[in-house]
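The values are calculated or read from the model by the stated rules, or taken from the named source; none is laboratory data. No experiment lies behind these values; they were computed from the predicted model shown. Using ideal geometry, Cβ is built from the backbone for each residue, glycine included, and neighbour counts are taken over all protein chains shown. These accessible areas exclude ligands, DNA and RNA; they are computed on the full protein's heavy atoms, side chains included. Shrake-Rupley method; radii C 1.70, N 1.55, O 1.52, S 1.80 Å.
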Amino acid sequence: MNKQPFFENVIIITGASSGIGKQLALMLAKQGAWLALAARSVEHLEEVSEKCQQVGGKVIIIPTDVAEKSQCQNLIERTVEHYGKIDTLINNAGFAISSRFDEYHDLSLFEKIIQVNFFGSVYCTYYALPYIKKSKGRLVAISSLLGKLPSATADGYGASKHAMAEFFSSLRNELHKSGVSVTLIFPGFVNTGVSSRFLKADGMQTGKISIHEKGAMSTEKCAMIIIKSVKGRKREVVMTFEGKFGLWLKLIAPKLVDHLLRKKALLYQLDQKN
């Protein structure tokens, strides 16, 4: 009998075309998982799928924009049609913005980040939940340190991650006697190149790696921590010492935390200009 924890475990991963999602797919494929990979880019999904199959994973790709409710429903239905069950849902899809609230031309981009980061995970979870209850499976939400700490800019990203954290924490209580575990993950910066894809107020990407991402945690380490946490059905994981220290400091010196966050944001802004 294969003792890999996710052997023949049907796992849906949203945002699987790059970064953390891609790395999770590769590592879980090596454990013999049966994967359903979702993202908007068919080309990138096909590349990830090929690599997963090379290391022993069974894979289907389902192009999905999680901001669209009907596409999330399609993701779940096609996964069940193909595999007959769902064991684990990893809500990983999302994007970030690099902008002050008073720089927005209108609220369409702010609304979009809430739609993708928050409602995208709600939609997928809603349609997957009956199957995950049946398998006594796992729900996973990839949030952010900004899902626990304030930000220096009210760009909508932190708000989306706070909402995500509260929803899944409450859902955990609701599912207390169901056998379903809910694991919340709070990463800091991960070295994925994501900061170069941050959107500015005009909707264009920054095109530059942030000073805070340089030297950050690798995708391999991040994915390894997530998989270990999901395997153990942990409640939540704050990944970095900085994050754990920040949460402690917020309890006793919230104004100092605000000051440090503003200073960090200023360093980022200066770096982007250079």
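So, R0 is 41 Å and r is the distance between the beta-carbons of Ser70 and Lys244; what FRET efficiency does that work out to, to 0.05?
Taking R0 as 41 Å, the efficiency between Ser70 and Lys244 is 0.55.
Per the helix-only calculation at 222 nm, which mean residue ellipticity applies to the chain, given -39500 (n - 2.57) for every DSSP H run of n ≥ 4 and division by its residues, nearest 500 deg cm²/dmol?
On the way: 9 runs with 126 residues, N = 274.
Mean residue ellipticity at 222 nm (helix-derived): -15000 deg cm²/dmol.
Counting only other residues whose beta carbon sits under 13 Å from that of Pro63, what net charge do I get with K and R as +1, D and E as -1?
Values: positive: Arg40, Arg78; negative: Glu43, Glu46, Asp65, Glu68.
With Lys, Arg at +1 and Asp, Glu at -1, the net is -2.
List every residue whose amide H lies under 5 Å from the amide H of Met217, counting only residues 5 or more places away in sequence or on a different chain, with H placed 1.01 Å from N in the peptide plane.
Counting only residues 5 or more places away or on other chains, the set is Asn191.
Please give every one of the lysines within straight-line cross-link reach of Lys134, meaning a C-alpha to C-alpha distance under 26 Å, and leave out same-chain neighbours fewer than 8 residues apart.
Qualifying lysines at Cα under 26 Å: Lys3, Lys30, Lys58, Lys69, Lys85, Lys177, Lys228, Lys231, Lys234.
How far, in nm, would the chain grow between Asp202 and Ile225 when pulled straight, counting 0.36 nm per residue and subtracting the alpha carbon separation? Write out the running numbers ahead of the final one.
Working: separation 23, 0.36 × 23 = 8.28 nm, distance 3.51 nm.
Roughly 4.8 nm would be gained on extension.
Which sequence of Arg262, Arg233, Arg138 reflects their accessible areas, 1.4 Å probe, from the largest down? Before the final figure, lay out each step's value.
Values: Arg262 135, Arg233 85, Arg138 35 Å².
In descending accessible area the options line up as Arg262, Arg233, Arg138.
Excluding ligands, DNA and RNA, what is the solvent-accessible area per residue of the chain at a probe of 1.4 Å, expressed in Å²? It would help to have the intermediate numbers written out before the result.
Numbers: 13740 Å² over 274 residues.
On a per-residue basis, the chain sits at 50 Å².
Mind grabbing the accessible area of Asp87 for me, 1.4 Å probe, Å², rounded to tens?
Taking all protein chains as shown, Asp87 has close to 20 Å².
So, in nm, how far is label Leu256 from label Arg235 when the simple model puts each one 7 Å beyond its Cα toward the Cβ?
2.6 nm
Provide the per-residue ³J(HN,Hα) series for the stretch 55-69, in order, calculated from phi with Karplus coefficients 6.51, -1.76, 1.60 and θ = phi - 60°, each as a whole number of Hz, with x at glycine and proline positions.
Whole-Hz 3J(HN,Hα) from phi for the stretch 55-69: 9, x, x, 9, 9, 10, 10, 9, x, 8, 9, 5, 6, 9, 4.
Report the extension gain between Asn173 and Lys214 in nm, rounded to one decimal, defined as 0.36 nm multiplied by the number of residues separating them, less their alpha carbon distance. The partial results should precede the final answer.
Numbers: separation 41, 0.36 × 41 = 14.76 nm, distance 3.75 nm.
That pair, Asn173 and Lys214, stretches by 11.0 nm at full extension.
Tell me the net charge near Leu260. Cut-off is 14 Å between Cβ atoms, Leu260 excluded, with +1 for each Lys or Arg and -1 for each Asp or Glu.
Working: positive: Lys250, Lys255, Arg262, Lys263, Lys264; negative: Glu242, Asp258.
The answer is +3.
Roughly how many percent of the accessible protein surface of the chain is carbon and sulfur, given a 1.4 Å probe and a whole-percent answer? Before the final figure, lay out each step's value.
Working: 7410 of 13740 Å².
That fraction is 54 percent.
I'd like the accessible area for Tyr123, computed on protein heavy atoms only with a 1.4 Å probe and all protein chains in place. Round to 10 Å², please.
Using a 1.4 Å probe on the heavy atoms, I get roughly 40 Å².
In the Gaussian network model of the chain, springs joining C-alpha atoms below 10 Å, which of Ser135, Ser170, Ser99 carries the largest mean-square fluctuation?
The residue with the greatest mean-square fluctuation here is Ser170.
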